[in-house]
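Only one structure is covered here, and it is reproduced in the block below.
The values are calculated or read from the model by the stated rules, or taken from the named source; none is laboratory data. No experiment lies behind these values; they were computed from the predicted model shown. With ideal geometry, Cβ positions are generated from the backbone for all residues, glycine too; neighbour counts draw on all protein chains shown.
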Amino acid sequence: MDTDIKSMTLEELKTEMERQGEKSFRAGQLYDWMHNKLAASYEEMTNIPLSLRKKLEDQYPYVSLKPVEIQESRLDGTRKFLFALSDGNMVESVWMKYKHGNSVCISSQVGCKMGCRFCASTLDGWERNLLPSEMLDQIYAITRLTGERVSHVVVMGTGEPMDNFDNLLTFIHILTEEHGLHISQRNITVSTCGIVPKMKELAEKGLSITLALSLHATTDEKRRKLMPVAETYHMDELMDACAYYFEKTGRRITFEYSLVAGVNDTPGDAMQLSALAGPLNCHVNLIPVNPIKERTYRQSGQAEILAFKNKLEKNKINVTVRREMGRDIDGACGQLRRRHIYEEKSR
């Protein structure tokens, strides 16, 4: 792609406008239209001269995601969006309404190369990283389409954010700085399946975001069956990286733990999870796994989920069971995109 104007920080944009022979205040106007007023095109930027808009259009492609399909849950109003990118690829995002505000879960890559066994995102492999602008515009497009402000952002959709590290950092910078949407860093959660060097690098950046580790098992042996990344980074390295992150940032880690019937939901698993979580003062988020037809994994029953939660609480672990949102639509990450791709192929 040519120079991606929507992925530039305000300082980079000022430098670019000066290089074009434009006054530096034009950068502020442009930035405001892109990241505060959420303009879907140059055409909407009415206080920028037509001649400059034409020049921008000729030289800088403008990222503006187009909705291909929108699903709305009859159960809780959750909306799932399938967006088209300029190269013909598609990404999914989810809008969820909570008492504390509106939360959007975005994708960081087209497809995923991590190969986690219970996830639909990884079934068709990895295509490419998303640009910061493509990550941002999932939030911007949803804000335009719903007419409601987003207060919380979760980078937990398709893709491994740590595998798109530099673009992730630019995305966080633009999303949280005062001239854009200015969402608090504390309201941003980034999920990783456990790429240890990048977890440590993120700890050095001095951010106030929440880091969520997709743990899903309590031993290396069990984790390897569910997550190929466990072949590279072992449990002791992971726990060391979590401790390092907490030490550097003071931000409590969240363990994401998908409960799979008969695989990782036994009383023994609960005891081992307590032993891992206790020293780190972390939060455990239990997730009833979303079944996908390509895999045989089943969700744990309500009795097992409750027993698992109670066991953790008895061991003084801070734990919640994730409320299931959008269960009556293509709920699991990657399902909507995958269905759409195969429908297109069959046509």
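Remarks
- For the stretch 302-321, a residue qualifies if it is basic (Lys, Arg) and part of a helix (DSSP H, G or I), and the qualifying residues are LYS309, LYS311, LYS314.
- As for the stretch 188-199, it holds no residue that is surrounded by fewer than 20 Cβ atoms within 10 Å (Cβ to Cβ) and either closer than 28 Å to ALA303 by Cβ or acidic (Asp, Glu) (or both).
- Selected residue (criterion: nearest to ARG322 (Cα to Cα)) from residues of the stretch 73-113 that are part of a strand (DSSP E or B) and polar (S, T, N, Q): SER103
- Taken together, ILE292, ILE341, ILE329 contain a single residue that is at pLDDT below 65, assigned to a helix (DSSP H, G or I) and hydrophobic (A, V, I, L, M, F, W, C), which is ILE341.
- Selection count where residues are out of contact with any Lys or Arg (no Cβ under 9 Å at 6 or more places or on another chain), hydrophobic (A, V, I, L, M, F, W, C) and more than 10 Å from LEU130 (Cβ to Cβ), scope the stretch 81-114: 5
- Residue within the stretch 56-63 that is in contact (Cβ under 8 Å) with a residue 40 or more places away in the chain and either under 24 Å from SER151 (Cα atoms) or among the small types (Gly, Ala, Ser) (or both) present: yes
- Any hit, the stretch 227-241, residues being outside any helix (DSSP H, G or I), surrounded by fewer than 19 Cβ atoms within 10 Å (Cβ to Cβ) and either touching a residue at least 40 places away in the same chain (Cβ under 8 Å) or on the phi > 0 side of the Ramachandran plot (or both): no
- Listed conditions (1) in contact (Cβ under 8 Å) with a residue 12 or more places away in the chain; (2) in contact with a helix residue (DSSP H, G or I) (Cβ under 8 Å, 6 or more places away or on another chain); (3) of a type outside the set (A, V, I, L, M); (4) over 25 Å from VAL154 (Cα atoms) are all met by PHE255, apart from (4).
- Number of the condition not met by LEU226 [criteria: (1) at pLDDT below 95; (2) over 15 Å from CYS119 (Cα atoms)]: (2)
- Against the conditions (1) among the small types (Gly, Ala, Ser); (2) buried (at least 18 other Cβ atoms within 10 Å of the Cβ); (3) in a loop (DSSP other than H, G, I, E, B), GLY206 satisfies every one except (2).
- Residue within the stretch 212-222 that is free of Cβ contacts under 8 Å to residues at least 60 places away in the same chain and within 25 Å of ASP4 (Cα to Cα) present: no
- Residue in the stretch 15-34 that is under 24 Å from ASP87 (Cβ atoms) and in contact with a Lys or Arg (Cβ under 7 Å, 6 or more places away or on another chain) present: yes
- Members of the stretch 163-184 that are among the hydrophobic types (A, V, I, L, M, F, W, C) and closer than 17 Å to CYS105 by Cβ: LEU168, PHE171, ILE172, LEU175, LEU181, ILE183
- In the stretch 209-224, of all residues being in a loop (DSSP other than H, G, I, E, B), closer than 12 Å to ASN264 by Cα and not polar (S, T, N, Q), the one that is farthest from the chain's Cα centre (by Cα) corresponds to ALA217.
- Subset of the stretch 140-158 that is modelled with pLDDT of 95 or more and within 14 Å of VAL190 (Cβ to Cβ) - its residue that is farthest from the chain's Cα centre (by Cα): HIS152
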